[in-house]
Each structure stands twice: as C-alpha cells, then as structure tokens.
C-alpha cells in the first residue's frame, strides 16, 4: 500500500538494484549450501536452484520491510525452513558429498559446519533441543568420516 | 585439539569445495516471483480488510434496527384489567 502511494519508478529501480547487488554477493555461497542440502552435484543442481530461487523471492518480497535484519541470514533461514518442509523429496541422495545422510542430518551439518550457525540457533530453527543438535552433528560427522575412509580404502 | 574437533575440521574441509556456477538470471527470476508474491499478499490483505469493514457495517445496521439489547415486551402475562 505504501509502495503504491510513494511507488515511484526510481524507488522501485533502486530496490531492484540493491537486491541484485545482494544476490550477486551471496548467491554463490547460498547455492553451494543448497546444493549440499539436496545432495546434488556441483554441475547438476536443479532442485537446489529452485529452492534458492524461492528463498530469494521471499527475501525480495520483504526487502522493503527489512529493518536491521541481515538479508543473508533471512534467506538462509527461509532456505533451511523450505528444505525441512520438503525434506521427504530429498531423502535419496543425488551424488553430492552428503548423499549418505538423512535430510535432517544434512541440515544440521550444513548449518553447523558449513555456515557456522551456533547450536542453539540451529536448534531453534529446526525445533530441536540443543543436545539433540549436538548428537545429530556428532553422528553425522562420524558417518561421513566412515564413508570417506571407506572410499579412500577402496580407492587405494 | 581434541579428536572430535579434528573430525569436524575434516568434514568442514570436505564441504568446502568450489561453489557451483550461479545461473545468470537468478536475481531477475527471484525478484519477479517475489514481486508477484508481494502483490498477491497485498491483494489478500486488502480483501480481508474489506470483508472486515463490510461485516462491521452490516452488524451495526442490523443492531440499530433490531436493538437486541432491549427487553422484548412480555407476551405471556395477561393484561391487567379492572384494577
């Protein structure tokens, strides 16, 4: 509504430019995180792209209402929530590094280890107690180490 | 460094592969879809407000006509006569 009253073309263009600058800076890292989540490969990641496009669309929709919020954090949270909602689709790995893990384990590993989000924030995001996040993370790390050791063993 | 942290660092290295190439039209598509979503939300919000206003007006009109707070005239008591 406010947009319409003061919705001049220049303001809209400014907002689009700002958003595009944000995407140019953040999309690479976010797409990598999304690709890790959907366990797709670096070159073939249509699901990760769809997820990220939807999350970025949400960020754009609230762009004018962002106060002191970090758009990167907002997009990451939306991406994680979106992935958690549709996790059943991604149960089967598609050749990514985390293919061996369940969707929830992937979420915890990516948020904790790749994105470096604090345990209590991951817990709040996924609706899990902190101890459970720690346990899932430790279990996933152990599983990943085991698979990578096995791969190294077969390769050698 | 403990063994556990060692393992976590190894997994971190495993995740830290080069980023996938970002499609060139990602920002444009996201902006278009986000603008559509914002517009839909705006329309839905206006519709709900309109509905609320209509309901409030309808209630006010009905209440002023029916006056449901007034005690209805007694129908069972026989009229007092010859007092």
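What to note about this one:
- Residue in region B:59-79 that is at positive phi, more than 10 Å from chain A (Cβ to nearest Cβ) and in a loop (DSSP other than H, G, I, E, B) present: yes
- Considering residues of region B:1-11 that are surrounded by fewer than 16 Cβ atoms within 10 Å (Cβ to Cβ) and facing another protein chain (nearest Cβ under 8 Å) only, the residue nearest to residue A:114 (Cα to Cα): B:10
- The single residue among A:67, A:85, A:15, A:77 that is away from every other protein chain (no Cβ under 12 Å), in contact (Cβ under 8 Å) with a residue 12 or more places away in the chain and under 30 Å from residue B:47 (Cα atoms) turns out to be A:77.
- Here residue A:90 meets the list (1) within 12 Å of another protein chain (Cβ to nearest Cβ); (2) closer than 22 Å to residue B:29 by Cβ almost entirely, failing just condition (1).
- Listed by first and then second residue, the pairs linking a residue in region B:16-30 that is more than 7 Å from chain A (Cβ to nearest Cβ) to a residue that is modelled with pLDDT of 90 or more, with Cβ atoms under 6 Å apart and 6 or more places separating them unless they lie on different chains, form an empty list.
- Residue that is farthest from the chain's Cα centre (by Cα) [pool: residues in region A:25-41 that are more than 7 Å from chain B (Cβ to nearest Cβ) and part of a helix (DSSP H, G or I)]: A:25
- Residues in region A:108-121 that are in a helix (DSSP H, G or I) and under 12 Å from the mean Cα position of the chain (by Cα): 6 in all.
The values are calculated or read from the model by the stated rules, or taken from the named source; none is laboratory data. Computed from a prediction, not measured in an experiment: that's the story for all the values here. A quick note on method: Cβ atoms are made from the backbone with ideal geometry, for glycine too, and the neighbour counts reach across all protein chains shown.
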